[in-house]
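J.: Would you mind keeping the following structure in view while I ask a few things?
All of the numbers you see were taken from the coordinates with simple rules; none came from a lab. Predicted model, so just to flag it, every value in this text is computed and none were measured. Neighbour counts run over all protein chains shown; Cβ positions are idealised from the backbone, glycine included.
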Amino acid sequence: MKSKILLVMSLLGVLSADLWGQQLQCQIQVEMPRLQPRDQEELSDLGQKLTDYLTNNNWSETNKDILITSNLNLIIQTITYSGSEKRYLAQFLISSSSGENFYDQNCEFTYIPGQAFEYFRTSFDPLLDLIDFYAFMVIAGELDTYDLLAGTSFYNKAQDIANRGQLSNYATGWKSRLDEVILITDADHIPLREAKYYYYAALYYVEKEKNAENAQQYAKGVVDRLRNVATKRPNSKALKRFFDSHYQEICTLFEYDLNRDNINTMIDINPTHSDVYRKCEIGGFR
């Protein structure tokens, strides 16, 4: 957390998003408990191939200043056939250090033992494009924590993949994925994306700089933006994902507050975690 905060602030006001490169370091686990041994054997190298694909892929052509860590679980549940083509049905979970967590229960893909994983493809690949989609979603959300709306180009890439997925022969699940990226990037959710940046800036000023004035400013910026989204879209999945990822540490933002206004707002807009917020302590200037 602290290393991320330091990097956020070292880049603040110095680099624009198009100067950043992205390295994605991903721990991958492939599970297939319901498959027959022969089918499991055909997939025995899938985890390593996905690891190599995600780790070695140059997700942008620019400087590699940011290392994004994530975890990916692929749970293969069953096999179906379309003609002679074997298709795997699976669940997909991916999470990142700053709470970009996605759970997809409706994944369909093909895999041939020994097939090459090509980064540059001319046709839709139901497995690799699924991986690319969620890689772009994670990278986009992570970049939003480094500068305001810095992940936009990667959200656009994810949306392009979802559009192609819907038109492919493997359309299962792609309408929901398209809805997900449209939700995150619509006008009502721009304040939520901005709140991610303010959140890590506030943590920096509290934990590293111990700058009360700036800590208060950025903490208020977080809460105001979360309240904006909660007012317009109280049942937003994206807003819930933010709350669930950060509620346990959000009290840290308010350590320099002079009153409990921010805390009371959090109780109002996120009552699910109100017991945690009620325990927040404020200290004012130190």
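J.: Picking from 113, 234, 126, which is most flexible by a Gaussian network model of the chain using Cα springs under 10 Å?
T.: Largest GNM mean-square fluctuation: 113.
J.: Same structure again: Please work out the Cα center distance from region 26-97 to region 114-165, rounded to the nearest Å.
T.: 14
J.: Which one, 212, 195, 162, has the greatest fluctuation when you compute a Gaussian network model over the chain with C-alpha springs under 10 angstrom?
T.: Highest fluctuation of the listed residues: 212.
J.: Hey, what do the phi angles of region 107-118 turn into as Karplus ³J(HN,Hα) couplings, whole Hz, using 6.51/-1.76/1.60 and θ = phi - 60°, x for Gly and Pro?
T.: 9, 9, 8, 10, 7, 10, x, x, 5, 7, 9, 8
J.: Under 8 Å for C-alpha pairs, at least 6 residues apart: give me the relative contact order for region 2-185, rounded to a whole percent.
T.: 19
J.: Tell me, what is the FRET efficiency for residue 231 and residue 152 to the nearest 0.05, using R0 = 25 angstrom and their Cβ-Cβ distance as r?
T.: It comes out at approximately 0.60.
J.: For Cα Rg over 2.2 N^0.38 Å, pick the label among [x] 1.23; [y] 1.09; [z] 0.95 that corresponds to the value derived from the coordinates.
T.: Answer by label: [y].
J.: At residue 58 and residue 281, where each label point lies 7 Å from the Cα along Cα→Cβ, what is the point-to-point distance in nanometres?
T.: 5.1
J.: Continuing with this model, one more query. Taking loop as defined by DSSP and a crowding limit of 14 other beta carbons within 10 Å, which GluC sites (Glu not before Pro) in region 218-286 fit?
T.: 249, 281
J.: What are the residues whose amide H is under 5 Å from the amide H of residue 107, where those residues sit 5 or more places off or on another chain and H is modelled from the backbone?
T.: Answer set, sorted by chain and number: 90.
J.: Continuing with this model, one more query. How large is ³J(HN,Hα) for each residue in region 124-132, as worked out from phi by the Karplus curve 6.51 cos²θ - 1.76 cosθ + 1.60 (θ = phi - 60°), to whole Hz, x for Gly and Pro?
T.: 5, 10, x, 8, 5, 6, 5, 4, 4
J.: Can you pull out the cysteines in the chain that have no other Cys Cβ under 4.7 Å?
T.: Isolated Cys, the chain: 26, 107.
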